[in-house]
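The values are calculated or read from the model by the stated rules, or taken from the named source; none is laboratory data. What you see is a predicted model, and the numbers here were worked out from it, not measured in a lab. Note that we place each Cβ from the backbone using ideal geometry, even for glycine, and neighbour counts take in every protein chain shown. To get the accessible areas, we keep the full protein, side chains included, count just its heavy atoms, and leave off ligands, DNA and RNA. Shrake-Rupley method; radii C 1.70, N 1.55, O 1.52, S 1.80 Å.
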Amino acid sequence: MQYIRQALPQDLPYIYSIALQTAFAGLDGTPYFNDRWCVGHYYAAPYLFFEPDACFIALDENSRVSGYIVGTSDTRAFNTWMHQTWLPVLQEQYSQVKEFQSEAEQSVIKTLLKGPGEGIWQNLGYPAHLHIDILEHLQGKGIGKSLMLTFFEAIKKKGASGVHLGVDGRNTRAYGFYERMGFEILEQQNWGSLFGKMLT
């Protein structure tokens, strides 16, 4: 039986692995990255250190960590912490990297070196944001919905009025999932769309 629990420090290796295995618009990014850790360094692991009570993992029927949802109830505070605490040592390290396996890897490392920018949606009623990734063998079984509902409940208790997230335009399956979860498109970008959901 699959089940969900709060993420723990012991889950970090699995979280990094899943981040890589879903890094290419939801598909396995392993062939596109020389550095197996850069995706997780930016899009997954920091949340477990900043706001662990907003991070959850899903185990499959063999008790293997096969999915996660990570995020924050306060994007502005998270972005400040990223710039001040999490990213400096990584930026020093990755600024020396000159060879990339693919454009995807170069893009992730470029994003890591830049860090999060000041967005608008956290100031317009969507202060929380999230990342959710599930391995293929656990998809289509309701785990994504369960992870989402668990995350919503956690951040509502912390006072978040809404949540936003970005979706790669190539990941058309994800678009349908978020729409079924009550999200609507807030903004179109050249890379995809920003979705938002009010938590009432």
Of residues in the stretch 71-88 being part of a helix (DSSP H, G or I) and closer than 15 Å to Asn123 by Cα, the one most open to solvent (accessible area, probe 1.4 Å): Arg76
Those residues of the stretch 176-200 which are modelled with pLDDT under 90 and among the hydroxyl-bearing types (Ser, Thr, Tyr), in sequence order: Thr200
Residue among Gln101, Gln106 that alone is in a helix (DSSP H, G or I), more than 26 Å from Ser146 (Cα to Cα) and not small (Gly, Ala, Ser): Gln106
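One line per residue, one yes/no per condition, for (1) open to solvent by less than 20 Å² (accessible area, probe 1.4 Å); (2) in contact with an Asp or Glu (Cβ under 7 Å, 6 or more places away or on another chain); (3) among the aliphatic types (A, V, I, L, M); (4) in contact (Cβ under 8 Å) with a residue 12 or more places away in the chain:
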| site | (1), (2), (3), (4) |
| --- | --- |
| Gly142 | no, no, no, no |
| Met148 | yes, no, yes, yes |
| Ala160 | yes, no, yes, yes |
| Asp168 | no, no, no, yes |
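Search the stretch 1-39 for residues being of a type in the set (Ser, Thr, Tyr) and surrounded by 14 or more Cβ atoms within 10 Å (Cβ to Cβ), and hand back the single one that is farthest from Phe49 (Cα to Cα). Break it down stepwise before answering.
Of the stretch 1-39, the ones of a type in the set (Ser, Thr, Tyr) are 3, 14, 16-17, 22, 30, 32.
Restricting the remaining residues to those that are surrounded by 14 or more Cβ atoms within 10 Å (Cβ to Cβ) gives 14, 16-17, 22, 32.
Values: Tyr14: 15, Tyr16: 14, Ser17: 17, Thr22: 21, Tyr32: 27 Å.
Here the answer is Tyr32.
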Residue match in the stretch 46-69 (condition: of a type in the set (Gly, Ala, Ser), in a helix (DSSP H, G or I) and either farther than 25 Å from Glu136 by Cβ or touching a strand residue (DSSP E or B) at 6+ places or on another chain (Cβ under 8 Å) (or both)): yes
Leading residue by the ranking (modelled with the highest pLDDT) among those in the stretch 118-166 that are within 16 Å of Tyr43 (Cβ to Cβ) and either in a loop (DSSP other than H, G, I, E, B) or of a type in the set (Ser, Thr, Tyr) (or both): Leu135
Among (1) touching a Ser or Thr at 6+ places or on another chain (Cβ under 9 Å); (2) in contact (Cβ under 8 Å) with a residue 40 or more places away in the chain; (3) surrounded by fewer than 18 Cβ atoms within 10 Å (Cβ to Cβ) - the single one Ile185 does not satisfy: (2)
